[in-house]
Amino acid sequence: MSVLAVGLSYRTADLRTLERAAVGADELDKVLHQLQQGTHVNEAMLVSTCNRIEVYAVVETFHGGLADVSEVLARHAGCAAADLYDNLYVHYAGAAVEHIFSVASGLDSMVVGETQILGQVRNSYATARESGTVGRTLHELIQTTLRVGKRVHTETGLDTLGASVVSEALGETSDVEGKHAVIVGAGSMGALSASQLRKAGIGRITVVNRTLGNATRLAGNITELGVPATAAGMDELAERLAEADLAVSCTGAQDVVLRPDHILPREGRSLVICDLGLPRDVHPGVADVPDVRVVDLETVRRRMDDLGGTSSAKQIARATGIVLDEVREYLAGQRSAAVTPTVTALRKRAAEVVDAELLRLDHRLPELEPGVRDEFARTVRRVVDKLLHAPTVRVKQLAADAQGTDYANALRELFELDPASPAVVASPSPQPKTDGETQ
């Protein structure tokens, strides 16, 4: 089995296509189970953010797994799989590992070095685990991924190149110091938006959300950090926008939440609306309302394309080097681990041969004194252990360094091991608990 990564992002698809393929929080469990029900899929995890939708799956075969995953993504997007193919990117085995390490490190982000994606990968893993679609392979991969992402940010300072898509979106606005902002949505993106607004010197914030309790909780947190904030329900959206200079919408809803009729006459007062929702939160007609300017993810993407040459090449090169080193180490560990069950099965087979020969000795020499028999048994076992020690240690080293050599299969052939024996040894243990996991 190998890891398969299938996705589409701001690099391969326009905003409209990303909107169609986006998976809301309320749909994640259903889509994850649809993925795992694929004939060739054993484990699955889905990352859905404002600019990427990616599936990481453990599959039996490449083509079968790709067909299963593509079919689920297409069905969710309401189109035929063939219609998505031009927008998809696919990574398999080692390339899939390199991709997810790069994603978690911020190297594949619209804003290179942004740290938010690391938390999004962690949350996606937690959701998949709660849904029961994560097994040993994805568990080990994601724990390593989170560690690699942290290492890149700690050792390279890559996050100084850009805090997040939110900060870049707000960078499209004029000076916000002392002004009034409305945040539509009280989730993680809403909290991140509040943090960026606070750093920019915003005067006060109103949090608008369908669930007033969540809005009240976020407003309380904002106030504790030194910025006056209040909460309101969605029924007050128009009234709150009328008082605002800036709005950030990031609800994660499947339909638009901010329509032209929410914009009351401005009388010459400008209003900048940052739409960070995927699908979009803001109706296209809002951009036609006088005194209103809409900044969406396409705007941010164009801005980042224009600034493409300003990133620190030195930091990116160092981060890329760390990722590649970690990929090599991870794959070597996986190859070494893959041969371990066969080595264990070989040692078990040797022990069984020794036991059989000792039993035969007992039948042929029943009068043998117990002390002599025990010493003979210890001697035989020591001989067998010494004969097997060097080959079994060396085969793990060779497996870790090898490129395409199947040492596990070679051992099975040389010693005529039952193919089922290593599988029994390697049968999955109960899913590890979350205590002590890399966070």
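For region 33-68, taking the residues that are assigned to a loop (DSSP other than H, G, I, E, B) and under 22 Å from residue 253 (Cβ atoms), the one that is modelled with the highest pLDDT is identified as 49. The set of residues in region 80-129 that are among the aromatic types (Phe, Trp, Tyr) and modelled with pLDDT under 95 contains only 85.
Here region 198-215 is the region considered, the condition is being surrounded by fewer than 17 Cβ atoms within 10 Å (Cβ to Cβ) and part of a helix (DSSP H, G or I), and the residue that is nearest to the chain's Cα centre (by Cα) is 214. Restricting attention to region 130-139, the residues being charged (D, E, K, R) and at pLDDT 95 or above number 1. Checking 169, 253, 242 one by one, the residue that is in a helix (DSSP H, G or I), hydrophobic (A, V, I, L, M, F, W, C) and surrounded by fewer than 24 Cβ atoms within 10 Å (Cβ to Cβ) is 242 and no other. Inspection of region 14-32 finds a residue satisfying the criterion of being of a type outside the set (Gly, Ala, Ser), touching a strand residue (DSSP E or B) at 6+ places or on another chain (Cβ under 9 Å) and at pLDDT 95 or above. From the list 112, 90, 134, the lone residue that is among the hydrophobic types (A, V, I, L, M, F, W, C), surrounded by fewer than 20 Cβ atoms within 10 Å (Cβ to Cβ) and not in a helix (DSSP H, G or I) is 90. Residues in region 326-344 that are under 19 Å from residue 150 (Cβ atoms) and not small (Gly, Ala, Ser): 326, 327, 328, 329, 330. Residues in region 256-289 that are under 25 Å from residue 192 (Cα atoms) and small (Gly, Ala, Ser) were compared, and the one that is surrounded by the fewest Cβ atoms within 10 Å (Cβ to Cβ) is 270.
Note on region 177-189: residues that are modelled with pLDDT under 90, surrounded by fewer than 19 Cβ atoms within 10 Å (Cβ to Cβ) and of a type outside the set (Asp, Glu) total 2.
The residues on offer are 365, 271, 331, 346, and the sole one that is more than 30 Å from residue 16 (Cα to Cα), of a type outside the set (Asp, Glu) and without any contact (Cβ under 8 Å) to a residue 40 or more places away in the chain is 365.
Filtering 237, 192 for residues that are surrounded by 18 or more Cβ atoms within 10 Å (Cβ to Cβ), outside any strand (DSSP E or B), modelled with pLDDT of 95 or more and in contact with a helix residue (DSSP H, G or I) (Cβ under 8 Å, 6 or more places away or on another chain) leaves a single hit, 237. Taking the listed residues 71, 19, 27, 98, the one that is touching a Lys or Arg at 6+ places or on another chain (Cβ under 7 Å) and either surrounded by fewer than 22 Cβ atoms within 10 Å (Cβ to Cβ) or part of a loop (DSSP other than H, G, I, E, B) (or both) is 19, with no other qualifying.
The values are calculated or read from the model by the stated rules, or taken from the named source; none is laboratory data. The shown structure was predicted, so the numbers you read here are calculated from the model rather than taken from an experiment. Quick reminder, even Gly has a Cβ in these numbers, built from the backbone with ideal geometry, and neighbours come from all protein chains shown.
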